[in-house]
Every structure is written in structure tokens, then in C-alpha cells.
Amino acid sequence: MTFTDFNLKESIQHAVAEAGFTEPSPVQQEAIPLVLDGHDMIAQAQTGTGKTAAFGLPIMSMMEADGSVEGLVIVPTRELAMQVSDELYRFGRNAGLRTATVYGGTSYSKQIDRIRQASIIIATPGRLQDLLKSNMIKISPKFVVLDEADEMLDMGFLDEIKNIFTFLPKERQTLMFSATMPKAIRKLAEEILENPKTVSITKSETTNTKITQQYYVVQEHERDDALVRLIDFKNPNKCIIFCRMKKEVDRLVAHLTAQGFKVSGLHGDMEQKQREVTIRAFKQGGIDIFVATDVAARGLDVNDVTHVFNYHIPFDSESYVHRIGRTGRGGKSGEAITLVSPNELRTIKRIEKDVGTQMSTEVIPTRVEVQNAKANELIAKIAETEVTEAAINLVKTLQHDLDIVTIAHLLASMIQGENAVKGKDKIGLDHAEIAKAFERSRDEKSSKNRGRGRAPRRRNDRDRNERGGDRRSKTRHHSGGGRDSRNGGRGSNRG
């Protein structure tokens, strides 16, 4: 089966082809026809199964782009909202479908302006409820999607979700996606869905068993040093480094270029022609390292990528599966390496559980260890090198002033200087420190549960996501076909 079998609107089908999608995943095969037939649906599918396209493609194919809000997607976190918005933007831009991303911690007025121009809203529950209750917006979407429903309930959003649905029209098509189906989810489905069809995709091996998965624990300020050290140590043939934001891509490209690596960036602000030239250089060996955002790397198919680095842990398990799937292609083996801070250890365990995999805990090698490894590689390389006539003549010339041993020492020093390992000796946490960090994480979780009970803890989690935990983050949204009015292009911080 291919995507052409769904008979999607021509502009949507063209976007699917541009994204490099050919064969639909199991959840897409089952869900898309049901959605196109107008059924409400509840789908149980694990992360990494292509859920966004499973609901996004059919509802966008049925939209009229009439200037009103036709679709509403509710997600648990602002990070997921941005990711879903990026993907829907790519699918819908040729059809004139604009998207607006709505979450807490940003300007109400700017988001309202984007909503007025949008065909699809991707929103977190807290901010969306605020906008609806205060009558700042009035929407009548034909299609409503509840994504990661179990995650939203676990974060304490049940009341907000129920309240949101009181503001939505009765005549609508409602889709619910959830990795698990606890009683609370089933009860909610009975309240908001009408005669739903059910799709259930059983959990399977979602990651390639030939991909070795590792994570290294570092302090936040050590990420750059850790990345360079690991590239030196792993010596990848071709690698992709994944970042969360476009500005992070640009900064890392500059940093790695200054370290002497052949590197280029890939993100959503690049023109298609520039993107094609960059990818061609990567495939042909002119570039060894790609630094990319999640969305920009979708559809990137390079068979000899030996390593994938997650500069930051991805926001969700589905992104993790997409990222590491860039290596280990064509039957080859690969390595997936993730940098995490001590505060992100619980997230690593959640991704392991979601994906059904296990990552090994590793310690970043010291400068001396990398230097010794490079020395061994150099010795092996020298032993395999063929002697050329030009080299013989060079040594003869040098012998006019120097003895042969001194010449050898000078040449070896010059080569080793070019391969010197920079930075401090120890980077990141060792195994004992990682174990203590895990213990602290468990103690903090236990203390919060005892001190405030489960419901308040979840509300705090919600607030952190809704109100923008990182105060430095800028407003992100799509409108005008995904264009940002400030710079005439897509938002400067997105992929």
C-alpha cells in the first residue's frame, strides 16, 4: 500500500511526496480511511508510529481553506505543540492551510492574531481554556484531535479538556490518540466521541536492533565540550546532530566549524535549492557532519550515516525514534548517542519504556583516553601508508640539515599536533555520580508525592509546560502559510 491509495487532495499528496513518505505505517493504514469516511475514532498506538500524519493528512485533505478555524489539535505540552505544528505546516502549506500554535507563557494578543488567520490550531489545554473562557476567541472547528490523551490526563488536564469541549460545536468529527487506555481515557472517550471506530496498533520493536543506543550525563554547560569530545572519540564517517531549535543549529555549526570539522546545518529557514545542495554535499562526502532540527531531517535518507547525536534529548519518544532511524539504514549498524543533564534522567527512562528499548549508560572518555586512541589509529594508519617518491625526495632534502631520527620526530610531532584533543580532561558524570543523580531524582519525586499529593504535582508539571519553563524561549506560531511577519520567513527559532 502507498499513500496514493488514500486518494488525498492533490496538494496534500504532493506534500507527502515532498516529505519522502511512500508506504504508510500501520496506524496510518488503518486510521486514514476511517477519518476520510467521517468516523469519530479512538486510536491506541505507541509513540514512533506516525500518529501526526495519521490524523493530519486526512483532516487537511477534507478542509476547505475558507478562512475559518476548521481544525483543532490539543496536545499536552508546548514542545509537542510546536512539533505537531511544524509537521502540519509542511503537509498543508500547498493547500493554503495556515497553522497557529497556542500555549502558555507567551503574548495573548499575538496568538489571537495568528488564530484569526489560521485553519488549524495546535494548542495546550491551559492556554486554550483561558482563551475560550474569556471569550477572546470563538471557534467552530469541524475536526478536533486529542493527541497523547493519556499524557494529558497524567498531567492533570482532565477538567480543562472537559471544559474546552463545552465551547466546541456538537457537530464535529473527533479523534483521540493515546498510547494507553486506562479507565479514565475510556470514560472521556464515551463523553466526547460519538460511535467511534477503534484502531489498535500492538506494540512492536520500533527501533532497529542494529543501532547501539547510549546516553552520557553532563552538566548543562558541558554540552559543547562533550559533543566535540565524543566526535573525536567515535570518529564518525558521517553523522547527524539533532537540535531542538534553528538558532541552536546555527550556533553549533559555527562552533564545530571553528573546531575544524566539515559541518553544515539543515533547518526550516533554508530555501529548497540550498537544502538540496547541502544534502548532496553530505551524501557525496563534502560534509561529514549535519546539524539539524527534527522537522528538517524528516525524509532525509543517507545510507552511510554511522552516528546520530542528540545534542538535547528530544521532547517525545516519537521524535527519538525518528532521529535514531537516520542511522543503521540499508542493513548497516549504527550508533545513537544522547546527551542528558541530571535533571533529564527520568525522561530517558520514560523514552526507554515508550519505545521498548534500553540505552546503555556511558561515561565520556577523558582527554588522555581519546589522545591514546587517536595515537593507536595514527600508528595503524602510518603502517598502512604507501611510500611515495615525493616523500622520499622530501626526506632526502631534510637530511642535508637533520638526522633521520630528528626528521621522524618532527614529522610525528606535526601530525600529532593536527590531531590534538582539546578541552579539559574530565567531562560529564562518571558511573558513581550518575547513580547518585538517579537516587536524587527518585528522592525528589517521592518527596513531592508525599508533600503535596499527586494532583498538585501534576498541576505543577502542567504549569511548567504551559507557562514556558525556559523564560528565554520566544513566541512560536504559524500563520500566513507558516510565515513570520517579523522577517518574511518562517519563525527564526523553529526547524
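The values are calculated or read from the model by the stated rules, or taken from the named source; none is laboratory data. Just so it is clear, the structure is predicted and the values come from calculations on it, not from any experiment. Positions of Cβ are generated from backbone atoms using ideal geometry, with glycine treated the same way; all protein chains shown enter the neighbour counts.
Looking at (1) modelled with pLDDT of 90 or more; (2) over 27 Å from D150 (Cα atoms), which is the one condition that is false for S341?
Status for S341: all satisfied but (2).
Return only the number of the condition from (1) of a type in the set (A, V, I, L, M); (2) touching a Gly at 6+ places or on another chain (Cβ under 7 Å); (3) free of Cβ contacts under 8 Å to residues at least 60 places away in the same chain that V321 does not satisfy.
It is condition (3) that V321 fails.
So which residues in region 38-63 are assigned to a helix (DSSP H, G or I) and β-branched (V, I, T), if there are any at all? Break it down stepwise before answering.
Here is the first cut: in region 38-63, the ones assigned to a helix (DSSP H, G or I) are 51-62.
Within region 38-63, T52, I59 qualify.
Counting just the residues of region 350-396 that are without any contact (Cβ under 8 Å) to a residue 12 or more places away in the chain and either surrounded by 13 or more Cβ atoms within 10 Å (Cβ to Cβ) or among the polar types (S, T, N, Q) (or both), which one comes out farthest from R326 (Cα to Cα)?
N393
Of everything in region 398-436, what is in contact with a helix residue (DSSP H, G or I) (Cβ under 6 Å, 6 or more places away or on another chain) and in contact (Cβ under 8 Å) with a residue 60 or more places away in the chain? Give them in sequence order. Quick ask: steps written out before the conclusion?
Let us first name the residues in region 398-436 that are in contact with a helix residue (DSSP H, G or I) (Cβ under 6 Å, 6 or more places away or on another chain), namely 398, 407, 419, 421, 423, 425, 427-428.
V421, G423, I427, G428 - these are the residues of region 398-436 that are in contact with a helix residue (DSSP H, G or I) (Cβ under 6 Å, 6 or more places away or on another chain) and in contact (Cβ under 8 Å) with a residue 60 or more places away in the chain.
Filter region 105-137 for residues that are small (G, A, S) and part of a strand (DSSP E or B) and give the result. I'd like the intermediate steps shown before the answer.
Here is the first cut: in region 105-137, the residues small (G, A, S) are 105, 107, 109, 118-119, 123, 126, 134.
Matches in region 105-137: A123 only.
Give me the pairs: first residue in region 218-243 and over 13 Å from E335 (Cβ atoms) and touching a residue at least 24 places away in the same chain (Cβ under 8 Å), second residue part of a helix (DSSP H, G or I) and among the hydroxyl-bearing types (S, T, Y), beta-carbon distance under 9 Å, and six or more apart or on different chains, which are they?
F242/S319
Every residue in region 355-373 that is within 21 Å of the chain's Cα centre (by Cα), assigned to a loop (DSSP other than H, G, I, E, B) and not hydroxyl-bearing (S, T, Y), please.
G356, Q358, M359
Every residue in region 1-50 that is closer than 20 Å to Y89 by Cβ and polar (S, T, N, Q), please.
S11, Q13, Q28
Quick test of your reading of the structure: V35 fulfils all but one of (1) in contact with a Lys or Arg (Cβ under 8 Å, 6 or more places away or on another chain); (2) closer than 20 Å to P169 by Cβ. Name the failing condition by number.
(1)
Being among the small types (G, A, S) and modelled with pLDDT under 90 is the filter; apply it to region 261-283 and report the residue that is nearest to R78 (Cα to Cα). Break it down stepwise before answering.
Of all residues in region 261-283, those among the small types (G, A, S) come to 264-265, 268, 281.
From what's left, modelled with pLDDT under 90: 268, 281.
Values: G268: 19, A281: 34 Å.
Step by step, filter region 261-283, then rank; the result is G268.
Could you give every pair whose Cβ atoms fall below 6 Å, whose first residue belongs to region 139-161 and is under 10 Å from L72 (Cβ atoms), and whose second residue is in a helix (DSSP H, G or I), counting only separations of at least 6 or pairs across chains?
Going by the 6 Å Cβ cut-off, the qualifying pairs are F143/I59; V145/F55.
Given the criterion in a helix (DSSP H, G or I) and out of contact with any strand residue (DSSP E or B) (no Cβ under 9 Å at 6 or more places or on another chain), identify the matching residue among V84, V16, V35, V27.
Values: V84 fails: out of contact with any strand residue (DSSP E or B) (no Cβ under 9 Å at 6 or more places or on another chain); V35 fails: out of contact with any strand residue (DSSP E or B) (no Cβ under 9 Å at 6 or more places or on another chain); V27 fails: out of contact with any strand residue (DSSP E or B) (no Cβ under 9 Å at 6 or more places or on another chain).
Just one listed residue meets the conditions, V16.
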